[in-house]
Structure formats: structure tokens, C-alpha cells
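Have a look at the structure below before the remarks.
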């Protein structure tokens, strides 16, 4: 039952825009509308797509992330400079898409904190902190990030990391209602942005790696009451299923998948077609990843890694398309979806386009879910192609890692992850922030399901060749990314901008023949949309992963982006941050032509590598430590115990930290900092083995630094 609160306004608004925005009291309860419609976003306003605003997550329901603004063009973008900036006070990943309406920017930072700014000056108007318990961070597979809010009829909606959906008064940030969307005793999280369709707030969740069952839920925007819930995978077959679609899915599963939840979480993308009356939802991976452990008899495992079309009023399934049947690589279909009309074989067809993790770019008829085409947009080794008749990928021998490890492309990070791509109706191209990351899949030895803990069923330690430093560095060197301009009709790449780093930011396109993208090397850049020519760069000294937006106020066009390194790759990859990223503090940055703002000079960062404790070689203990570390610790502390700069690097632990190690790891001494104890899942001696492995990796790290600095060979042991 929702915990609701009625609207009790006193005609107050924090900030200098009060008089201009409000002349009477705001919304009442029920369906009454405010007299003065501040932040009154509704379907009419979103569909009208006023060129000066950014009213919803993808700007419009079609999620194209294209703006018709053209004050900033390829001819004058070189004059773009900082208008204002605001320090978030956080050092974790920033992924939000700001919403800009009525001169106010609404955005979020890490730990689901919401801010409202004067979009002209950056002045903070109000701030709301949902006070997520810090131990909940241990349940976040991919950092304590948040991708933004939804604004609707004077309210701001945010999904909190701990599973709450919260409605705020857009004028002052006061709580209107809050509802828990997930069970309090299960390891669900929310990182995605809500969408509002027909007065219903739609929100999904994450947590598949920890053993949950996925679903997406719609709540009444005025009261917070649940309207419908769509489960993505069937539950225990001995119990009634929550819909005919689940009865149809049951034959595609085997074993006791429901014990580990099954997965299928809806943690990011959605799109809505108001003409067809269809809500499109992307569904994630299975739990655990390894299908042999999840569904021993194989099967497609519907509706994992699928796109589903739902009736937004009832949540009933209208059609589905599964991009990766029986997924066993974490090849989610939760990546950004774009709706457009394309001319294909002389016919204008309403399409849905997606570049999911599995490496194929899909064009579907969004009326029926029928496949129009699918071609690889990055190198793919697990499948040769997608059969145009069946719509199914044709797997290669690399797909089977049950007997021996397989070097696979793409990786679980995908050929494309959550970072939004964009579409330009001017060029007819889709702009994809693509990833080039190899991965070695192999089964986890002696896997056992641990409720609420990291459950993959694969051996992530395979990414760290034991004692061979040069090989480890060679693997790192393979990790890159690029910006791809993709022709969705011809299904081919038109141009590419190669980046030196991976995990680069989302994309914005404008009518000024521009593509904006922030990069992992701490630079915000603009490219010519028609050719990919680099036109402008601005160093921010912190990796950018969030997507930019643009808007216009008082005749001035602005471009905004959040800069803050983090997310799944940053915390888990073990790839150090780019050399130019010398700050960790997150910032909200806004640019305009002729801007005269200045960023504070980055403070020098110490690169000292303290001497680790003596290394007492015990190959068996170190091997066990590597196994436990990669099964339980690497998701936060990095593959090979190498931090990417988001969380502390364990190789740098002080002598005092080593003394407290077992109290932290087993007893949860730092629970209030987000480091919960693992005493309930570790075997006797495991904590000592993990500490020995970290000390070993600290010695390797000193050798690595010497190798990189002096360019001579060293003994990695």
C-alpha cells in the first residue's frame, strides 16, 4: 500500500523564479490541475516537443535525443565555452539526463539525490536527499548511480537506490508521496529514470546478479497506488503465474530457476508510442548468468534479454522480441531504444531501433515486433549472424564455454551499454557510443547460490593471467571505445571516431549538424554529425559517462552534461582512470556561445604507491584468494584488485587497514560506509586468502608501475 500524502501548498517556491512562475496555489489532490502550471509536463507538452525544452528523458517519447535547436552550429561551436558549473559534492558515478522545463533544470547525482537549478545561472533552488542507507550500496551491481527524474504535472519523480519511488513537489522538493516498489528484505535496486505515461509512473529495478525476479510496475501519478505489475520471468511453476504471458514462457525454462529469482530485471530503457498506444520495455539478463546453472535443460528462457510491447493501461503483453535466446553472457536488451519512421524498400515504416549488448543492431517493426534487419555494429564472436527468417542469432563454437574458457566479443559490458545513443532525422544516422572490450567466459568452479550476494556462475578471475604482467597489460590495451555513426536502413557504419578509452558518455544530436559526447578521458567534445569531424573540445579532468542535453532560455542555447566517473566498468574493470582525469569530484557543467565561466584548477593528486606488507609466497592460498575475490569482491574493487578510481584501491591499504581487514570483511566494521560483512558466505580461511591475494596484487602493482615507467621487463612475481 502506498504511503501517500496530500498536496498542502502555501504558494511558496525556493529561488528567484517564484514570482514569474507562481501566482496561485498549486495542485490539489486527485486530478485537479494547478492554476499556475509550473513544471506542468503532460503528454501534450511532450508530444509538442517545444524546441527550447528538454521535458522528458529522451526529450520526446520517441527517445531520439535530437534537438531542433540550431543557434550552436558546426560553424560556430568553436566559440562554445563554460556558462556555469556546480559541484555535486560526490565522488561516485554521475549518469543522469537533466530535465529542463520552465527555466528550471531537475537532475540527480549519486545515491539518488535530486537537485533543482536555475537553468540560466546554475543557482541551486532546492535539493532532496532520500537518505539511502549506505549499506545498500553493496547491493548495487554497477555503482550507486541514478539516471534522472521524470517531471509530470508539477511533480518530480525519482527512483531511489533502495527501491523507493518518490514524488516531490517540483517547486520546493517536498515529498508528496513515497512507495516501496521492491521487497525490503530482497536485494533489489533502482538506478533507472522513471517514465510517466497516461498519468502512470513506470519504474523497473535491478538486482539480477544478486538473485531476484524481474518486473516493471506502473503507479498512479497522483496517489502512488499500484496500477499494474508485469513480471518478466515465470515464478515457481507449482504456484499460480501472474499472467498468460508467463504461462507461455514456462516451457522455455527448466530446473529450479526461481530459487535464484531467474533475473530479467528492467533496469533502464523504455519508450512510448502514443499513436499505437504501446509502451516498449527492455529486459535484462538471467540469474545467474551461466544458463547451465540457471536452466540446466537449456531453452529460450523467456523473457530474458527481450524487448516487450505492453498496453500502458493494463500492463498486458502485446508482443515480444528476444534478442538473445537463453542468454548466458549478460547480453541484456535494456539498452536505449529509439522510435522513428524509416523508408525501407520504398515504404515508410514505424520502427524501433536498439543496439543491445549482444553486438547486433536491430530494426523492428514497432507495430508487431517483426524483425526488419539485424547486423553487427561491433565485432561479434559468439554468433555468426541473425537469421532473417527466424530472427534468432546463429551461434558459433565460441558460444559454448562449458568445457573450456572462451575469449568472447562483446563482453558483459556489451558492444553498447546503458549510455544513450541518438538519432538525427537530418542525417538519418544513429550515433552509438560503442564499446570494444574483450572478455573470457568460463564456468565458476564449485558454484553455489548465495542469496543477496554476487551470483554469476562464471569465473571472472580468468581476466587476470596469473603472474604474467605483460599479458595482463596487453589485455588492458585491447579495451577501447568509439563513436559510431550507423545507417539503420543500409545497416552499415558511415563514419567512426576512435577513442583512446572505453566507457565513454551518452550522445546528443542537434539541428546544428552537431553530435555532442563526453569521453572517458575527461573531455567534452562536439563532432560534425555528417562526417565525424572533431570541432570542439573542453577538458573537465573527470571521466564523463552521462548524456548531454540542450535547451534555450531568453534566446540563448545551452548545452549541459554531468561529469563524474563511475558505473559498472569503472568500479569492476580494473582499468585505471585516464591520465588526464585528476579529480574525482562530480560536476554539472553548462555551456553557451561566448560563455565566460571558469572551472577551478584541478588539485594535484598524489600517486604514491606505499610499500605493501611482505609477500609470503603461498601459491595455494593466493589462488584461493583470487577465486573468492573475483566471485565476491571484484564487482566493487576491480578485477585483479585494481581500482579504477571510483572506490579506494585495496592495494594502497595502510598497515592499520590491514590490521582491521578481517573485522571489515567478516564483521562489517564499515557497514555504514557501504562495506557490509561477508562472514555469512565465506569459508574458514577465505578472508586470510583474500588478504594474501591483495598483498600479492600490490607487489604486482609496484612491478607494473616500474614496467610502465622504465619500459623494462620485470619479474611480476
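A few notes on this one:
- Spherically averaged projected area in nm², based on the convex hull that wraps the Cα atoms of the stretch 227-380: 9.4
- Cα-derived Rg over Rh, computed across the chain with Rh taken as Kirkwood radius: 0.95
- Efficiency of FRET from Cβ geometry, residue 184 and residue 368, R₀ 51 Å, rounded to 0.05: 0.80
- Helix-only arithmetic for the chain: the sum of -39500 (n - 2.57) across DSSP H runs with n ≥ 4, divided by the residue total, places the mean residue ellipticity at 222 nm at -3000 deg cm²/dmol.
- Convex hull volume per residue in cubic angstrom - Cα atoms of the stretch 456-595: 158
- Sorted largest first, extent of the stretch 476-518 alpha carbons per principal axis (Å): 36, 24, 12
- The stretch 149-289, relative contact order in percent, only Cα pairs under 8 angstrom and at least six apart counted: 19
- Short-range pairs are left out: with C-alpha atoms under 8 Å and at least six residues apart, the relative contact order of the stretch 412-461 is 30 percent.
- For residue 554 and residue 229, the FRET efficiency from 1/(1 + (r/R0)^6), where r spans their Cβ atoms and R0 equals 41 Å, is about 0.40.
- The alpha carbons of the stretch 619-710 stretch over 44, 30, 24 Å along the principal axes, in descending order.
All of the numbers you see were taken from the coordinates with simple rules; none came from a lab. Just so you know, these numbers come straight off a predicted model, no measurement behind them. As a convention, Cβ positions derive from the backbone with ideal geometry for all residues, glycine included, and neighbour counts pool all protein chains shown.
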